[in-house]
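Contents: one structure, followed by commentary.
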Amino acid sequence: MARKAKRFYTVWKGWTPGVFDSWTACEASIHGYPGAIYKAFPSRAAAEAAYQADPGDYIRTSETSSRRPASLPPPQETSRPIVNSLCVDAACDMTARIMEYRGVWHHSGETAFAKGPFPGATNNLGEFLAIVHGLAMLADLGLDWPIYSDSTTAIGWVEGGKANSAAIKNGQTNERIKNLVARAEKWLATHEYFNPILKWETKLWGENPADFGRK
RNA sequence: ACAU
DNA sequence: CCATGT
Ligand SMILES: [Mn+2]
Ligand SMILES: [Mn+2]
């Protein structure tokens, strides 16, 4: 059998646009990016030439395929999680308001960090602190790997640089938690990061490796 | 409704 | 069933 031909990948729109020499590298560049535009080519030269040109010259259009309204994002490639990633999760007993959080390396299953228990917190504050802790750890290690969280709330808070917690507004927390959240927000305000923050697709993949298994 |  | 959030 002829070995599978090597292909090169042009990413016009993604986390890190450019030409990649493997599907693994291409996937890391576009996985989870809304509206990513990319295509495979049989040679590096063809891929480089395409990168300099208009993706519209290469991507299928209504002439060759059915047309989806441009207002709708295309379906995301979420068939499986990226292996080189850091998964984070939090657990919170919302009757006692005791929270903890941790990070687990998806490639090895090893614990990257584990913090808590912290009284006076919420699930969402834990999910938020977990992501920011993970970003800081990846920055420290010089890794641009993606972070997975199952919390759309916390992902939104991190992307906005602020934990919009009702519990904090209503004074249902304590100084330690407020300090941790303030420190996390300050880290976000003072650091640039390139790690994609991706949704762990629990419905498709099962529980996040960092999950506490208490539900 | 969706995600925890 | 309870709670945290968009
Ligand atoms: Mn979670
Ligand atoms: Mn969990």
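Computed from the coordinates by the stated procedures, all read-outs in this text should not be read as laboratory data. Here the structure is a predicted model, which means the values were calculated and not measured. All Cβ positions, glycine included, derive from the backbone under ideal geometry; neighbour counts span all protein chains shown.
Within region A:86-108, being closer than 23 Å to A:Ser29 by Cα and either surrounded by fewer than 24 Cβ atoms within 10 Å (Cβ to Cβ) or in contact with a helix residue (DSSP H, G or I) (Cβ under 6 Å, 6 or more places away or on another chain) (or both) holds for A:Leu86, A:Val88, A:Gly103, A:Val104, A:Trp105, A:His106, A:His107, A:Ser108. Residue count for region A:87-105 satisfying the condition of being more than 14 Å from ligand 1 (Cβ to nearest atom) and assigned to a strand (DSSP E or B): 2. Listed by first and then second residue, the pairs with beta-carbon distance under 7 Å, at least 6 apart or on different chains, first residue in region A:145-165 and closer than 14 Å to A:Trp200 by Cα and polar (S, T, N, Q), second near RNA strand B (Cβ under 10 Å from one of its atoms) and part of a loop (DSSP other than H, G, I, E, B), are A:Ser149/A:Trp200. Pairs linking a residue in region A:82-105 that is under 30 Å from A:Tyr33 (Cα atoms) to a residue that is polar (S, T, N, Q) and more than 14 Å from ligand 1 (Cβ to nearest atom), with Cβ atoms under 7 Å and 6 or more positions apart or on different chains, are A:Arg102/A:Thr111; A:Val104/A:Thr111. Within the span defined as region A:104-125, every residue fails to be acidic (Asp, Glu) and within 15 Å of DNA strand C (Cβ to nearest atom). Filter region A:159-209 down to the residues that are within 15 Å of ligand 1 (Cβ to nearest atom) and of a type in the set (D, E, K, R), then identify the one that is surrounded by the most Cβ atoms within 10 Å (Cβ to Cβ). Of everything passing the filter in region A:159-209, A:Glu201 is surrounded by the most Cβ atoms within 10 Å (Cβ to Cβ). Listed by first and then second residue, the pairs linking a residue in region A:113-137 that is farther than 9 Å from A:Gly103 by Cα to a residue that is away from ligand 1 (no atom under 12 Å from the Cβ) and basic (Lys, Arg), with Cβ atoms under 6 Å apart and 6 or more places separating them unless they lie on different chains, are A:Gly120/A:Arg97. Applying the condition of being over 18 Å from A:Val158 (Cα atoms) and surrounded by fewer than 17 Cβ atoms within 10 Å (Cβ to Cβ) to region A:117-139 and asking which residue is nearest to the chain's Cα centre (by Cα) yields A:Pro117.
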